[in-house]
Amino acid sequence: MTGPPTPRRAPSARGRGRTLGWVSAAVAVAAIAAGVTAAIVFAGGVTTDDGVSGDDRPVQASALSKAALAAADAEAGTPEHDAAAYLSEQPTAYWLTPESTPVTSVQARIGQLASEARDQSARLAIVVYGLPDRDCGGLSAGGLDDDAYAEWTAAIGEALAGAGDLSPIVMLEPDSLALAPECGGVDARVRHLRGAIDALAAPATRIYVDGGHSNWLPIDEMAGLIERLDADGEIRGFATNVSNFNRTADEVSYAHALSARLGGLHAVIDTSRNGAGSNGEWCNPPGRLVGDPGGTIADDVVDANLWIKPPGESDGACNGGPPAGEWWPEAAVELTRRNVAR
């Protein structure tokens, strides 16, 4: 089954230097420590308010997650069970793909997720991942054709409109913009994303488009791609570090620089697997750790850190892993080695 995207390498070390040169990591750490107000709170630990949603509920931890299913199937007391059980309890975004949730199942699936969120007094957080030529033929290849994608995203938008009381959070098509210059078809990507934004936009929904990460495109190039969406206030901002491993301070620096270039758009940062930083590998790198729990970081630009890529799911058939998106028990055990007693 196709799953969350494979993290990407930076095109060059030179690009990384230009990106991080905008704001120092020290400034980012100071911002985190200061606990600046004006943040949307998606999980516990922060009590600030963006002045719009006034919502400090945590993101849900879904019983439909692969971690939860793996915990139910594993033998109790084993490292594989304990790792999966721990991960299943962590607030984590739920990925909607057309392979796992076709258009005919969208209403029911979002209804299930919404019911869970209400039971948990939580917010609904999803990733929409199904655009045409997804992953540009890479390890998470797939997606829909133009008409089917428009129909699918319209169905998601309609279902989310019925869950407005949950202040839905939508991460729209990770990798879609940052990857586009590498594989071509920027105009088509922009057209698909523009249509998806129109379909998903609602007063209570917070949409974050692809913002790449601090070790990928230079700030000006990434900002130029986001500007092409011409979202006219329909998006809250951008998501960074999705399915990647860059340290949080680098991502906060990057988010501030990109926000400044974009006139103040907000950001969310994926901290699901960045507890040990990056070792330079981009597909199932060994020795990684889960990162800071969602909702523990916020400032005037970064609305929150979230767990977006579900830890324990493979990046693809590399470094011993199964196909992209499949549950990988050994990876789950390794990622949680400092969090779960053995």
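Within the stretch 107-127, can one find any residue that is in contact with a His (Cβ under 9 Å, 6 or more places away or on another chain), of a type outside the set (D, E, K, R) and closer than 28 Å to residue 283 by Cβ? Working first, answer last.
First, the residues of the stretch 107-127 that are in contact with a His (Cβ under 9 Å, 6 or more places away or on another chain): none.
Taking every residue of the stretch 107-127 in turn, none turns out to be in contact with a His (Cβ under 9 Å, 6 or more places away or on another chain), of a type outside the set (D, E, K, R) and closer than 28 Å to residue 283 by Cβ.
Of the helices (runs of 4 or more DSSP H) entirely within the stretch 1-114, those holding at least 1 residues that are more than 30 Å from residue 216 (Cα to Cα) and modelled with pLDDT of 50 or more occupy 66-73, 79-88. Restricting 299, 303, 250 to residues that are within 25 Å of residue 219 (Cα to Cα), part of a helix (DSSP H, G or I) and of a type in the set (D, E, K, R) narrows the list to 250. Picking from residues in the stretch 300-320 that are surrounded by 24 or more Cβ atoms within 10 Å (Cβ to Cβ) and among the charged types (D, E, K, R), the one that is nearest to residue 263 (Cα to Cα) is 303. Just so you know, in the stretch 294-329 the residues that are out of contact with any Pro (no Cβ under 9 Å at 6 or more places or on another chain) and either among the aliphatic types (A, V, I, L, M) or without any contact (Cβ under 8 Å) to a residue 60 or more places away in the chain (or both) include one that is nearest to residue 93 (Cα to Cα), and it is 304.
The values are calculated or read from the model by the stated rules, or taken from the named source; none is laboratory data. Note that this is a predicted model, so its numbers are computed, not measured. Note: ideal-geometry Cβ built from the backbone for every residue, glycine included; neighbour counts use all protein chains shown.
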